[in-house]
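Asks: Sharing a structure below in structure tokens format, with a few things to ask.
Just so it is clear, none of the values below were taken in a lab; they were calculated from the coordinates. Nothing here was measured: the structure is a model prediction, and the numbers come from that model. Please note: Cβ atoms are built from the backbone with ideal geometry, for glycine as well, and neighbour counts cover all protein chains shown.
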Amino acid sequence: MAYDIQVGDYRLGMLEKVEINRSVELLADTAVITLPAAEYNAALDVESKIRRGDRVVISLGYEETGLVEEFRGWVQRVGTDNGTVTLECEDDLFKFRVGLDDQQKSNITLADLLRLVVAGIGGGYGIDCSYSWTYEKFTINSATGFDVLKKVQEESGADIYIQDGVLHVHAPGEKVGKDIIYDFSQNVQSCDLNYRRADERRVQVVVKAVMPDGKVKERHYGSTGGDKVEVKCATSDDESMRLRGESEHKRLSFDGYDGSITTWLVPFIMPGDCADLHDADYDYKDGRYYVRAVKTEFGSSGGTRTIELGFRLT
């Protein structure tokens, strides 16, 4: 096992463990670097060298296969609690934790709202947004750019992330990355999976939107006779409500696995990629799944990835 971790002007020579959490359902990817406190026995000395806002680049891997950049972001907090030294880090969404001017916008498209947010934090990011709805009214009050993006994600169910300097906002599973093949007999360490058929998880999605007069508009998507799931929609036009309902139903109802698989560091995979599962004993369970979340752990006990499966693609 090998690592290369750069924090600000320093490269770490000692390491206890690293945990990286990435998810399409969480706005920001995070990393926690734990340093061996016995080696850095003066916590104040660490705090004088590493500060909030320092650049962080984490590369992990094996000497035989080389290092892969796993995380790039910023120090959000230096912790010295309970005798340990931890560096809590956040990806480029950290740069959106900047206060915006209080304002209220009428009939503003989501794309224009995103441009307003990027401009409000100082610019520097492109925008790739495939949603086209218009907010009848959007109020920013004592909010950061991060707060606005969080509200958009909660109301739309969108995948929101930054990649190569571009802020992406898309329907769940609309943008699928590379295919990674997993064979249960070869490169899967363990699994926690349940196979269920779509008729066993019948779901009706109830989409609710508040009209300008205060009344609530409802649209229903999916199958009756099953669980009902209510979601909010940021705007009340039929197309936006349809996109919100269909994306949520797609996420909840399909033939396939629920759960996670645990693998080693190779192959590398990210949320939004496709996990192509192969089971020699049960061919009908083969399938391609949208990766919802990945937790990467690296330390003295080894390196593993826990891959949370989302909906089935094919």
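Asks: Name the residues whose placed amide hydrogens come within less than 5 Å of the amide hydrogen of Val188, ignoring near sequence neighbours (fewer than 5 apart) on the same chain.
Replies: Asp183
Asks: May I ask you to compute the full-extension gain from Val176 to Val216, defined as 0.36 nm times their residue separation minus their alpha-carbon distance, rounded to one decimal in nm?
Replies: Contour length minus the Cα-Cα distance gives 11.0 nm.
Asks: Output ³J(HN,Hα) for segment 133-149: one whole-Hz value per residue in order, computed from phi by the Karplus curve 6.51 cos²θ - 1.76 cosθ + 1.60 with θ = phi - 60°, and x for Gly and Pro.
Replies: Per residue, the Karplus-derived 3J(HN,Hα) values read 6, 10, 7, 5, 8, 9, 10, 10, 9, 6, 10, 8, x, 4, 4, 5, 5 Hz.
Asks: Read phi for every residue in segment 155-167 and hand back ³J(HN,Hα) as whole Hz from Karplus 6.51 cos²θ - 1.76 cosθ + 1.60, θ = phi - 60°, with x for Gly and Pro.
Replies: In residue order, the calculated couplings are 7, 10, x, 6, 7, 10, 7, 10, 9, 6, x, 10, 7 Hz.
Asks: Using only alpha carbon pairs under 8 Å that are at least six residues apart, calculate the relative contact order of segment 2-90 and give it in whole percent.
Replies: Value for segment 2-90: 32 percent.
Asks: Just Lys137, Lys215, Lys151 to compare: in a GNM of the chain, with alpha carbon springs under 10 Å, which one fluctuates most?
Replies: Lys215
Asks: Can you work out ³J(HN,Hα) from phi for every residue in segment 103-113, in order, using Karplus 6.51 cos²θ - 1.76 cosθ + 1.60 and θ = phi - 60°, giving whole Hz and x for Gly and Pro?
Replies: Per residue, the Karplus-derived 3J(HN,Hα) values read 6, 10, 10, 10, 6, 10, 6, 4, 4, 5, 4 Hz.
Asks: Also, I was wondering about something else. What list do you get for Leu193, Leu309 if you sort them by fewest beta carbons within 10 Å?
Replies: Neighbour counts put them in this order, fewest first: Leu193, Leu309.
Asks: Further, regarding this structure: Which of the aspartates and glutamates could be linked to Lys175 by a straight reach, that is with a Cα gap under 12 Å, when you skip same-chain ones fewer than 8 residues away?
Replies: Partners found: Asp128, Asp159, Asp273.
Asks: Once you've got the GNM for the chain with C-alpha springs shorter than 10 Å, pick whichever of Cys233, Cys191, Cys274 has the biggest mean-square fluctuation.
Replies: Result for the chain, Cα springs under 10 Å: Cys191 fluctuates most.
Asks: Now a separate question. Could I have the simple spin-label model distance between Arg77 and Asp281, label points 7 Å from Cα toward Cβ, reported in nm to one decimal?
Replies: Taking the two extended label points, one gets 4.3 nm.
Asks: Which shape class, rounded, prolate or oblate, goes with segment 202-253 when its Cα gyration tensor gives a ≥ b ≥ c as root eigenvalues, a/c under 1.5 marks rounded, and past that a/b bigger than b/c marks prolate?
Replies: Prolate shape, in that a/c is at least 1.5 and a/b is the bigger ratio.
Asks: For Met270, Met211, what ranking results if the residue with the fewest other Cβ atoms within 10 Å of its Cβ goes first?
Replies: By the 10 Å Cβ count, ascending: Met211, Met270.
Asks: Over 32 Å between Cα atoms, which of Lys150/Lys285; Lys178/Lys217; Lys49/Lys295; Lys137/Lys250 qualify?
Replies: Lys150/Lys285; Lys178/Lys217
Asks: Still on this model: Using a simple charge model, +1 on the beta-carbon of Lys and Arg, -1 on the beta-carbon of Asp and Glu, nothing else, what dipole does the chain show about its Cα centre, in debye to the nearest 20?
Replies: 920
Asks: Additional query: As I understand it, the dipole of segment 9-110 uses +1 on the Cβ of Lys and Arg and -1 on the Cβ of Asp and Glu, about the Cα centre. Which of Gln103, Val18, Ser48 lies farthest toward its positive end?
Replies: Result: Gln103.
Asks: Non-local amide H neighbours of Ile50 (under 5 Å, H modeled in plane, Pro and chain starts lacking H): which ones?
Replies: Residues meeting the criterion, in which the H sits 1.01 Å from N, do not exist here.
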